[in-house]
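The values are calculated or read from the model by the stated rules, or taken from the named source; none is laboratory data. Worth saying up front: this structure is predicted, and the values here are computed from it rather than measured. Using ideal geometry, Cβ is built from the backbone for each residue, glycine included, and neighbour counts are taken over all protein chains shown. Side chains included, ligands, DNA and RNA excluded: accessible areas come from the protein's heavy atoms. Shrake-Rupley method; radii C 1.70, N 1.55, O 1.52, S 1.80 Å.
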Amino acid sequence: MSSNDFFDDDIIPVVNERENNEFSILNRYAENLTKKEYVTNPAIARDDEINKMILILLSPEKSVVLTGKAGIGKTSIVEGLNYRIQRKNVPNALLNCNIYKINTSSLLGSIQKEGIEEAKLQVLINEIEGKKDIILFIDEIHTLVTASRNGSVDFLNMLKPGLDRGDIKIIGATTTKEYEEYLLKDKAFLRRFERIDIAEPDMDTTVKILTGSIKKIEKSTNVRWPYSSFVLEEVCKFIVNMTSEYKRVYENGSRYPDVSLALLSKCFTYAKFENSDKVTFKHIYDAIRNCTSVYPDVVKKEIVAFKESFKEYLENEKVEIN
């Protein structure tokens, strides 16, 4: 989907709502990330980025935009701030904050309120303006600029007064490419948003992210990891090495940690497929030999390395290897 797909229609639909003063854009269209249950820290080894984000949010007239390649965990960093808020590990000014994730596409169109047609974005602005405990998280924030440019909705001008006064706080996220293409030349946007460039984590950090995410994967799949933490770390090291930059399928476009997390999660998926309540080395082997995020010749080489590295476990579990 291109960045302009949301804004191709000439006609903006009117949403018919029950006419009352309690209508809430946030309740209908947004997800409150601060109320979300986090089994583990979703932003392992991202303390520096979160601290930078907090400092900007505490600035009176600035909001945040996170930039970086696809798959490096920009959304996870925002969730990491929510994780801290839940545990009261933030400055006092943010202790009672709620961060709502909302899509730009949800703000297109109008609603009927007390018999009057009103733009959804204006309803949202009226709802949140001046409330210091609400922060909006807008992924693909470059669509704010593209929408304003093509005349669908003048998002920036509608948000400008609240942003300038600090009455509205936003965390945006977009890829580096889209930031440079759509936002870098927009002076009105740049005056109100401070950029944090999110780098792809290195291999060691990605291993920490994988090992730290195991409880979350267990809960989401209802499949447990039965081996020791040492074995987990060795398997994660293997997966991270297997999915390193020049081994990935170019068109895939995924990066650390997403590309490695996806492969680790696939081990649990294979266990679930076989109605097993625990991961075995057969499931790990199946995930590796069927991996599509790296090149086929890489898979062949990695299978040989996997057999050698985990020979004892494969033999003990009598895993049939072709």
Quiz item: Taking the Cα centre of the chain as the origin and placing charges on Cβ (Lys, Arg +1; Asp, Glu -1), which of LEU124, THR211, GLN112 is farthest toward the positive end of the dipole?
Solution: THR211
Quiz item: In whole angstrom, how far apart do the alpha carbon centroids of region 164-230 and region 269-322 sit?
Solution: 29
Quiz item: What angle do you read, to the nearest 10 degrees and between 0 and 90, between the alpha-carbon axis of helix 74-86 and the longest principal axis of the chain?
Solution: 80
Exercise. Take every DSSP beta bridge whose two residues both sit in the chain, then give the antiparallel share in percent to the nearest 5.
Key: 25
Self-check item: Charge dipole (debye, nearest 20) of region 147-202; +1 at Cβ of Lys and Arg, -1 at Cβ of Asp and Glu
Solution: 380
Practice problem: With a cut-off of at most 10 other beta carbons within 10 Å, and DSSP calling the residue loop, which GluC sites (Glu not before Pro) in region 87-178 qualify? Please list them. | Solution: GLU114
Quiz item: What is the gain in length, in nm to one decimal, between ASP277 and ASN222 on full extension, counting 0.36 nm per residue of separation less the C-alpha to C-alpha distance?
Solution: 19.1 nm
Practice problem: For the chain, give the percent of accessible area contributed by carbon and sulfur heavy atoms, probe 1.4 Å, rounded to a whole number. | Solution: 47
Exercise. Would you mind calculating the gained length between LEU184 and LYS215 on full extension (0.36 nm times residue separation, minus the Cα-Cα distance), in nm to one decimal?
Key: 7.2 nm
Quiz item: Between HIS283, LEU314, ILE303, whose Cα lies farthest towards the positive end of the dipole of region 274-322 when Lys and Arg beta carbons carry +1 and Asp and Glu beta carbons carry -1, centred on the Cα centre?
Solution: ILE303
Self-check item: Inter-probe distance in nm under a simple model that places probes 7 Å from Cα toward Cβ, at ASN51 and GLU245
Solution: 2.6
Practice problem: Quickly work out the TYR38-to-ASN322 label distance, labels modelled 7 Å from Cα along the C-beta direction, and quote it in nm with one decimal. | Solution: 4.3
Practice problem: May I have the convex hull volume per residue, in Å³, for the Cα set of the chain? | Solution: 156
Self-check item: Diffusion constant of region 210-250 at 20 °C, which comes from Stokes-Einstein with the Kirkwood Cα-pair radius and 1.002 mPa s, µm²/s
Solution: 187
Quiz item: So what does log10 I(q)/I(0) come out to for region 61-191 at q = 0.19, 0.20 Å⁻¹, using the Debye formula with one equal point on every Cα and no solvent?
Solution: -1.18, -1.28
Self-check item: For the chain, accessible area per residue (1.4 Å probe, heavy atoms of protein chains only), Å²
Solution: 52
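Once you order the gyration tensor axes a ≥ b ≥ c over the Cα atoms, which shape class does region 119-251 get: rounded for a/c under 1.5, otherwise prolate or oblate by comparing a/b with b/c?
On the way: a/c = 3.09, a/b = 2.01, b/c = 1.54.
Note, shape of region 119-251 comes out prolate.
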Quiz item: Rg to Rh ratio, region 200-275, alpha-carbon atoms and Kirkwood radius?
Solution: 0.97
Exercise. Return the FRET efficiency for the residue pair ASN98, GLU233: r is the Cβ-Cβ distance, R0 is 41 Å, and the value is rounded to the nearest 0.05.
Key: 0.70
